[in-house]
Amino acid sequence: MFDWIVSHPWAYPALEVVHIVGIGLLLGNLVLFELRVWGLGPELPVRPLARMALGLALLGFLIIGASGLLMFAGQPEELLASRVFVIKMGLVMLAGLNALWFHARGSLELLDRGARLQTVVSVGLWLAVIICGRWIAYE
């Protein structure tokens, strides 16, 4: 049904571009927000910055999710057989759980050592997701 994604000369490359734009929105805005959690830009109020940056990061995640699902639909057997793809999906899940934990523990109000640690974990997980995503092509 979705064979056209991998057989069309422009479909898969276009989805990859959309995927990369989503990654830029997600990671760029997370890093901006996380730098504020670390104390940079203290003149910027945390709540409004979080609302804007995390909203754009969520938009990036939705773009990644939609483009990723379409790329997956084009070659599900190959991707499910890829150990790196499975690891990537596990890392995405861990990144999501870390974000849920960040907000559930009230880290926006605390901005404590735990919040800073979670931001390091967040960036580390997303970088690992990106590395795995690129690695899939060479597996």
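The values are calculated or read from the model by the stated rules, or taken from the named source; none is laboratory data. The structure presented is a predicted model; accordingly, all values stated were derived computationally and were not measured. Please note: Cβ atoms are built from the backbone with ideal geometry, for glycine as well, and neighbour counts cover all protein chains shown. Calculation scope for accessible area: heavy atoms of the full protein, side chains included, ligands and nucleic acids excluded. Shrake-Rupley method; radii C 1.70, N 1.55, O 1.52, S 1.80 Å.
Numbers for the structure displayed
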| item | result |
| --- | --- |
| Test result for Arg134, open to solvent by 30 Å² or more (accessible area, probe 1.4 Å), over 14 Å from the mean Cα position of the chain (by Cα) and among the charged types (D, E, K, R) | no |
| Residues within region 59-91 that are of a type in the set (Phe, Trp, Tyr), buried (at least 18 other Cβ atoms within 10 Å of the Cβ) and closer than 13 Å to Gly133 by Cβ, tallied | 1 |
| Matching residues in region 97-111 - criterion: being within 17 Å of Leu49 (Cβ to Cβ) and touching a residue at least 24 places away in the same chain (Cβ under 8 Å) | Ser107, Leu108, Leu111 |
| Complete set of residues in region 18-49 that are under 13 Å from Thr119 (Cα atoms) and of a type in the set (A, V, I, L, M, F, W, C) | Leu27, Leu30, Val31, Leu32, Phe33, Leu35, Val37, Trp38 |
